[in-house]
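These notes concern the structure reproduced below.
Any read-out appearing in this document is the output of simple, stated calculations on the displayed coordinates, not a laboratory observation. None of these values were measured; they are calculated from a predicted model. Counting neighbours? That spans all protein chains shown, and the Cβs are built from the backbone with ideal geometry, glycine included.
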Amino acid sequence: MMDSTQQVQAIRSNLEKVILGKPAAVYHLIVGLLAGGHVLMEDVPGVGKTTLARALARTVDGRFSRIQFTPDLLPADILGVSIYSAATQQFDFRKGPIFANILLADEINRASPRTQSALLQAMGESEATVDGTTYPLPTPFMVIATQNPVEYHGTYPLPEAQLDRFLLQTSLGYPEAEVEVDILFGQSKSHPLESLEACVTGRQILELQALVNQVKVERVVARYMVALAEASRAHAAVAVGASPRGSLALFRSSRARAFLEGRDYVLPDDVKAMAEPTLAHRVSLDVKARYSGLTSAEVVADLLRLTKVPA
C-alpha cells in the first residue's frame, strides 16, 4: 500500500508522462484535486488542455465524462432528462454526463450562457436539480473546464458567477522548442495517453482530501488571505474584487499546496504561491484598466506587493 506522499507523487508522475515541460499546470491541477475544487484551463487551442484533463481522469480510477460544448448544446444534454415510460406509466430520469467523478467540460465558452449556467449548482453544491428533483453527484466530483481566449471566434465569456465557482485557473502556454521536439517523437508511434493506467482510486482521493482538511492554518495567516481579498475590492483598477468565496478558495488551495510540499501547516509562502491562480480570474477590471492593457494577474501581483506579510 502506498502512503499519501507516494500516492501524490504517483499522480504527478503519471500526468508528467503525458504533458511534457509543464510542471506548473500539472501542479495546479493536483492542488485543485486535493482541495476538492474545480479547475479552469484557458489557453489557445492545441497546447494540451484536453489531454491533461483526460490524463487526470485516467489516473484517478473513477467514472469519467466528457462534454464537448457547442453553441447548440442544451442544459438537458448536461444534466439529463426525464423520459415517459409506457411500461411503468411514469417518467424515468436518464442521468446526463454530469453524473461522473471527473467531468471534462471541453471548450466551455463555446456554449451559450444559459447552457454554461447548468453547471452552477453542480459545481457549488455537488448536486443537480432536474424537474424539481435534486440528485446527488458521485464523490469525488471535479469539473475540469477548458476554454479558448474570449477574443477567439465563436466564444462567449463565462459569467462571473461561474468563474467564481472554479477554485483556480491555470494555463499551459506553448512548449519550449526542445520539449516540442520531444513531443513529436513521443507521439510518433502512439499517444502516451493510450498506455496511461490508474494509480489511485476514488476512495484514496477522498482520503487525501480528508488529510488536506487537517492541515493547520494559523489565524494570522488566515487574516493575510482575507487582507488580500479585501485589497482586491479596494484596488483602483478593479470593478469587482474577490468575494468571500475567493478567500475560501485561497484558504483551501493554500492547504493543498502545503500538503503537497510535505507540511501539515500553511505558510505565507503557500498563500503567495496560490494567490494568482486562485484570485486572478475572480478580479474584474474596470473599463479603463482593460483598455490600458492591465491584466488581472498584474493586479494580484500588485496586491501581493502592497499587502503586509505576517511575520
Query raised in the report: Can you give the net charge of the other residues whose Cβ lies under 14 Å from the Cβ of Leu184, counting K and R as +1 and D and E as -1?
Result: -3
Requested in this report: For the range 20-30, take each phi angle, set θ = phi - 60°, evaluate the Karplus expression 6.51 cos²θ - 1.76 cosθ + 1.60, and give the result in whole Hz per residue in order, putting x for glycine and proline.
Outcome: 8, x, 10, x, 5, 5, 4, 4, 5, 5, 5
**Report entry** Reachable lysines from Lys189, criterion Cα separation under 23 angstrom, eight or more residues apart if same chain
**Finding:** Lys17, Lys22, Lys49
Query raised in the report: Rg to Rh ratio, the range 4-208, alpha-carbon atoms and Kirkwood radius?
Result: 0.99
Report task. Would you work out which of Pro268, Val287, Val299 lies farthest towards the positive end of the dipole of the range 241-306? Charges go on Cβ: Lys and Arg +1, Asp and Glu -1. Result -> Val287
Report summary line: Amide H neighbours of Leu168 at under 5 Å, excluding residues fewer than 5 places away on the same chain, with H built from the backbone geometry, are His38, Leu40
Report summary line: In whole Hz, the Karplus estimates of ³J(HN,Hα) for the range 129-137 (6.51, -1.76, 1.60; θ = phi - 60°; x where Gly or Pro) are 10, 10, 6, x, 10, 9, 10, x, 8
Query raised in the report: What is the distance in Å between the Cα centres of the range 99-142 and the range 17-31?
Result: 24 Å
Query - Gln9/Val179 FRET efficiency (R0 22 Å; Cβ-Cβ; nearest 0.05) - result: 0.55
Report summary line: Most packed first (mean Cβ within 10 Å per residue), the peptides 190-203, 19-32, 226-239 order as 19-32, 226-239, 190-203
Query raised in the report: Which ³J(HN,Hα) values, rounded to whole Hz and listed in residue order, are derived for the range 108-122 from phi using the Karplus coefficients 6.51, -1.76 and 1.60 in 6.51 cos²θ - 1.76 cosθ + 1.60 with θ = phi - 60°, glycine and proline given as x?
Result: 4, 8, 9, 9, 5, x, 4, 6, 4, 5, 5, 8, 4, 5, 4
Report summary line: Ranked output for segments 124-136, 163-175, 298-310 by mean other Cβ atoms within 10 Å, highest leading, reads 163-175, 298-310, 124-136
**Report entry** Gain upon complete extension [Arg233, Lys216; 0.36 nm per residue less C-alpha separation]
**Finding:** 3.4 nm
Report summary line: Residues other than Ala35 with Cβ under 10 Å of its Cβ, Lys/Arg counted +1 and Asp/Glu -1, net out at +3
**Report entry** Cross-link reach list, lysines versus Lys308, counting only Cα pairs under 20 Å and skipping chain neighbours closer than eight places
**Finding:** Lys272
Query raised in the report: What length, rounded to one decimal in nm, is gained on full extension from Ser85 through to Glu127, with 0.36 nm per residue of separation minus their alpha-carbon distance?
Result: 12.7 nm
Report summary line: Going fewest to most other Cβ atoms within 10 Å around each Cβ, Arg110, Arg63, Arg255 line up as Arg63, Arg110, Arg255
